[in-house]
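Report on one structure; see the data block that follows.
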Amino acid sequence: MNNKDILQRFLFENAPVRGEIVRLEESYQTIMQQHQYPPVIQQILGEMLVAVGLLIASIKFKGRITVQFQGKNKMKLLLAQCNHQLHLRGLADWQGELTQDELMADLKQGTLAITMDPEVDGGQRYQGIVAWQGHSLAHSLEDYFKRSEQVATRLWIAVNEKCAAGLLIQFMPHKSGQDEWEHIEHLTATITSDELLNLDNTTLLHRLYAEEDVRLFSPKSVMFQCNCSLERSENALRLLGEEEVEQELQAKQAIVVKCEF
């Protein structure tokens, strides 16, 4: 297993709290190399990739989760998507030079949504709108869980030029133990970006929770993978229709199907 790209669950034996840690390196770098993303875009897209990696751990169906932003100004689109097989992909679309302040202003004015798409026949698609909070995607998602899911949740996300990582803790519903939750939350809040990016999970959890009984589960591998295929490209051409395809061939001698991912 590639230990640089993993999702790993943990829980507390004596507190009603579960957690997830995601680390992205090769998958993150592969996605960033698809386009010439400026640093400000790399940062927010990396955060969204981490977020969707943490969120996918909570689903109990075969399918995918998408975290997507749509804007009307310079920042047009941010999209991060992960399925139950931990196949990850993402992209961004923007116009012109974009400063950090402009990005934050665009994020507050646009629409941020979480979409869950079950693969099974008859599965119901769900979409929730996330209100942007302050200057942080993590805080925005915490507020979403509090308002929409009524589940106490905290997230920490760190991104640099080489990797992206995140940690989530969540109060387990239908259980008592508010004092224990607040204690674990207080301990986790001491985490630094440097620790999150550079420590292995075992060391990180020991440093945060040295006096706690923590069970760390086996890691699962995360990888970049797009769902494009020859069959999907052929179907796209069929949708164009024979006449339009013939016109394109006569004009250009070839038809190119490009995947933005």
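The values are calculated or read from the model by the stated rules, or taken from the named source; none is laboratory data. It should be emphasised that the depicted structure is a prediction, and the values quoted were computed from it without experimental measurement. With ideal geometry, Cβ positions are generated from the backbone for all residues, glycine too; neighbour counts draw on all protein chains shown.
Taken together, ILE41, ILE21, ILE31 contain a single residue that is in contact (Cβ under 8 Å) with a residue 40 or more places away in the chain, aliphatic (A, V, I, L, M), assigned to a strand (DSSP E or B) and buried (at least 18 other Cβ atoms within 10 Å of the Cβ), which is ILE21.
Going residue by residue through the range 140-158, is there one that turns out to be in contact (Cβ under 8 Å) with a residue 24 or more places away in the chain and polar (S, T, N, Q)? Give the steps one after another, and end with the answer.
Restricting attention to the range 140-158, the residues satisfying the condition of being in contact (Cβ under 8 Å) with a residue 24 or more places away in the chain are 140-141, 144-145, 152, 154-158.
Now narrow it down to the ones that are polar (S, T, N, Q): 140.
Within the range 140-158, one or more residues are in contact (Cβ under 8 Å) with a residue 24 or more places away in the chain and polar (S, T, N, Q).
Total residues in the range 64-99 satisfying the condition of being touching a Pro at 6+ places or on another chain (Cβ under 9 Å) and either surrounded by fewer than 16 Cβ atoms within 10 Å (Cβ to Cβ) or within 17 Å of ARG9 (Cα to Cα) (or both): the figure is 1. Taking the listed residues LEU88, LEU54, LEU78, LEU137, the one that is farther than 20 Å from ASP5 by Cα and in contact (Cβ under 8 Å) with a residue 60 or more places away in the chain is LEU137, with no other qualifying.
Pick from the range 160-174 the residues that are of a type in the set (A, V, I, L, M, F, W, C) and under 15 Å from the mean Cα position of the chain (by Cα): which of them is surrounded by the most Cβ atoms within 10 Å (Cβ to Cβ)? Lay out the reasoning, then the answer.
Taking the range 160-174 and keeping what is of a type in the set (A, V, I, L, M, F, W, C), we get 163-165, 167-169, 171-172.
Still in the list and also under 15 Å from the mean Cα position of the chain (by Cα): 163-165, 167-168.
Working: CYS163: 21, ALA164: 29, ALA165: 26, LEU167: 26, LEU168: 27.
Here the residue is ALA164.
Scan the range 131-145 and tell me whether some residue there is part of a strand (DSSP E or B) and in contact with a strand residue (DSSP E or B) (Cβ under 7 Å, 6 or more places away or on another chain). Checked against the condition, which is being part of a strand (DSSP E or B) and in contact with a strand residue (DSSP E or B) (Cβ under 7 Å, 6 or more places away or on another chain), the range 131-145 yields no hits at all.
Being among the basic types (Lys, Arg) and free of Cβ contacts under 8 Å to residues at least 40 places away in the same chain is true of LYS108. Is it fair to say GLU119 is acidic (Asp, Glu), loosely packed, with under 15 Cβ neighbours inside 10 Å and touching a strand residue (DSSP E or B) at 6+ places or on another chain (Cβ under 7 Å)? Judged against the criteria, GLU119 is a match.
Of the candidates ARG215, ARG238, the single residue that is at pLDDT 70 or above and over 20 Å from the mean Cα position of the chain (by Cα) is ARG215.
Mind listing just one residue for me: the one in the range 99-126 that is over 21 Å from ALA138 (Cα atoms) and not basic (Lys, Arg) and, of those, nearest to the chain's Cα centre (by Cα)? Steps first, answer last, please.
Going through the range 99-126, the residues over 21 Å from ALA138 (Cα atoms) turn out to be 117-125.
Now narrow it down to the ones that are not basic (Lys, Arg): 117-124.
On the way: ASP117: 15, PRO118: 17, GLU119: 19, VAL120: 22, ASP121: 25, GLY122: 25, GLY123: 22, GLN124: 21 Å.
Across the range 99-126, the extreme among qualifying residues is ASP117.
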